[in-house]
Amino acid sequence: MPSLSTFQYESAQAVFDLLERQFSLTDDFLIELTKAFLEEFKVGLSSYNHAMAMIPTFVTGVPDGTETGTFLALDLGGTNLRVCEVVLKGDKTFNLVQQKYKVTEKLKAGEATALFDYLADSVDAFLTTHATTDYTSPQDSTPGDAASSHIPLGMTFSFPVEQTALDSGKILTWTKGFSAKNAVGNDVVKLLQDAFDRKHMRVKCVALVNDTVGALLSRAYTAGGCIAGAIFGTGTNGAYIEQIANIPKLAGSAAAAKGGQMVINTEWGAFNNSRSHLPTTPYDSALDRLSINPKFQAFEKFISGMYLGEIVRHTLVSLVDAVPKPLLFSGKSTTALNTHYGIDTSLMSATEQAWIGDDPSPNAFVLPPLSSEFSESELSPKVIPKLNRIRAAISQHLGFKEEDVSFRDAAIVRWISSLVARRAALLSGVAVATVLIQTEHAVLKGESTPIKGLNDRLGVGVDGSLIEHYPNFQNILRESLRTLVGEDVEQRVEIGLAKDGSGVGAALCASMAVKHTS
């Protein structure tokens, strides 16, 4: 694929200075972006049909770790489909058995009935080969009771859905590479239940949950409380506990009359689709224009694992194609570097891990200017092994011969990767800070509104490969929080991994549904 944004330069240093400016975010910028985020929260809570949908989930209770029972969970959110059996033990612990099933590109893009028939077939296969229990409901029941005549299943569906009840929701749009026909506008629970019924299965989908809601519920169960859930992985999204009185679009509903709290699925991946506030570079514009959903999921395209490698690739190619003289790889390229989505975050993560290394001393991180050629004699002996590990990672991931990757090439690839990843982590902090401010647990820097629960711990359940594995991602996210809401609040934020959040969260939702109908 040809370069989309190339440099014609007189000063190589000016090119690297420009890239640093393009990807760097000031404190003032982060503050203004948070204000815009809060405004979109308000708009989405007020009425329907906005990009950042602020979807009421009809989840009105949060687990405390005492829940019990055995449930099925189905998790559809990306390349793999998971079917799980979850045993809630009532002491903040659970047992989980799971099996993954591959979702092919044909299924992603074909008829919805074929996709949902495959989901039902996968559940059937799981029950045949992996299930370990007899699926009694957590409440007292006798054989023949309606509650015991079916196997309750909670479905994690990691796509935008307009929920109208705990077990009902209309698909708003596909994301993450899915485009199955005749699904958008239909009730996802009915699509799944129809597939179960066509196969005469005793499974009943009793709860629909988004993966980010699942992260919140799962962390609440294992930690005894939680105010928000967030996904920072292939995609990104967040959920949090809102006062129903703050959701004007529910006015006149039974939920509004009852009051209390409800979990909101923000769909924050669609924040600022107009890009009026986001720090867009030419590489972001190219990525968006060539994506399967141009002008949608704008925020997600800045911070999620699906897209970060592609931003890096566009940037690297622009340096390969720079004139009058290439600034990277001596102007050479490879199939991976020329291929749409030919780079993923694993290369970025590997270069960062190599650069961090085992030696924290200052001279283990000193490099000559990237605009000049590196000679081995001017490099610290502590830096050379790091650059060699980065060269090996570039060779492995991009297909270059290692001897064709110079020390300077290695340093540039690592630096570009770190710029893109740091921006993503800072922006992720903006999303978390917005939730803290919206729920009145924090105020934006420079403001002085009273804060609730000054000594409360603020639990945030997280899931996703970036937050779990990417070096320093959480540290930089916390740096963003300190900038936006201050160190006192940031220190009370407990970011905890919601392991198996999608499966356990769906099981917890199923538990609530069974309890409410008992």
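The values are calculated or read from the model by the stated rules, or taken from the named source; none is laboratory data. Quick caveat: nothing in here was measured; it's all calculated off a predicted structure. Every residue, glycine among them, receives a Cβ derived from its backbone with ideal geometry; neighbour counts consider all protein chains shown. When the accessible area is computed, the model is the full protein with side chains, heavy atoms only, and any ligands, DNA or RNA have been set aside. Shrake-Rupley method; radii C 1.70, N 1.55, O 1.52, S 1.80 Å.
For the stretch 169-191, check the following and say yes or no: at least one residue is buried (at least 23 other Cβ atoms within 10 Å of the Cβ), over 18 Å from Trp268 (Cβ atoms) and over 24 Å from the mean Cα position of the chain (by Cα). No, there is no match, as no residue in the stretch 169-191 is buried (at least 23 other Cβ atoms within 10 Å of the Cβ), over 18 Å from Trp268 (Cβ atoms) and over 24 Å from the mean Cα position of the chain (by Cα). Flag: Ser417 does not match the condition of being at negative phi, hydroxyl-bearing (Ser, Thr, Tyr) and surrounded by fewer than 19 Cβ atoms within 10 Å (Cβ to Cβ). Counting only helices (runs of 4 or more DSSP H) wholly contained in the stretch 456-509, the ones carrying 2 or more residues that are farther than 19 Å from Gln353 by Cβ occupy 473-485, 487-492.
When Leu25, Leu4 are checked against the criterion of being modelled with pLDDT of 95 or more and out of contact with any strand residue (DSSP E or B) (no Cβ under 9 Å at 6 or more places or on another chain), Leu25 stands alone in meeting it.
Would it be correct to say that Gln491 is surrounded by fewer than 17 Cβ atoms within 10 Å (Cβ to Cβ) and without any contact (Cβ under 8 Å) to a residue 60 or more places away in the chain? The answer is yes for Gln491.
Among the residues of the stretch 153-168, just one is among the charged types (D, E, K, R) and surrounded by fewer than 20 Cβ atoms within 10 Å (Cβ to Cβ), namely Glu162.
In the stretch 395-410, which residue that is over 33 Å from the mean Cα position of the chain (by Cα) and assigned to a loop (DSSP other than H, G, I, E, B) is nearest to Ile343 (Cα to Cα)? Result: Lys401. In the condition set (1) in contact with a strand residue (DSSP E or B) (Cβ under 7 Å, 6 or more places away or on another chain); (2) open to solvent by less than 30 Å² (accessible area, probe 1.4 Å), Arg202 is compliant with all but (2). Pairing residues of the stretch 105-125 that are within 17 Å of Val184 (Cα to Cα) with residues that are among the small types (Gly, Ala, Ser) and surrounded by 19 or more Cβ atoms within 10 Å (Cβ to Cβ), at Cβ distances under 6 Å and at least 6 apart in sequence or on separate chains, gives Ala112/Ala180; Ala112/Ala183; Leu115/Ala180; Phe116/Ala195; Asp117/Ala195. Being modelled with pLDDT of 95 or more, among the hydrophobic types (A, V, I, L, M, F, W, C) and part of a helix (DSSP H, G or I) holds for only one residue in Leu327, Leu319, Leu367, and it is Leu319. For the stretch 351-367, filtered to residues that are farther than 13 Å from Leu308 by Cβ and in contact (Cβ under 8 Å) with a residue 40 or more places away in the chain, the residue that is surrounded by the most Cβ atoms within 10 Å (Cβ to Cβ) is Trp355. When Leu30, Leu38, Leu45, Leu96 are checked against the criterion of being farther than 27 Å from Gly224 by Cβ, open to solvent by 20 Å² or more (accessible area, probe 1.4 Å) and not polar (S, T, N, Q), a single residue qualifies: Leu38. Condition (residue is more than 20 Å from Leu217 (Cα to Cα), assigned to a helix (DSSP H, G or I) and of a type outside the set (Phe, Trp, Tyr)) applied to the stretch 431-444: is it met by at least one residue? Yes: the stretch 431-444 contains one or more residues that are more than 20 Å from Leu217 (Cα to Cα), assigned to a helix (DSSP H, G or I) and of a type outside the set (Phe, Trp, Tyr).
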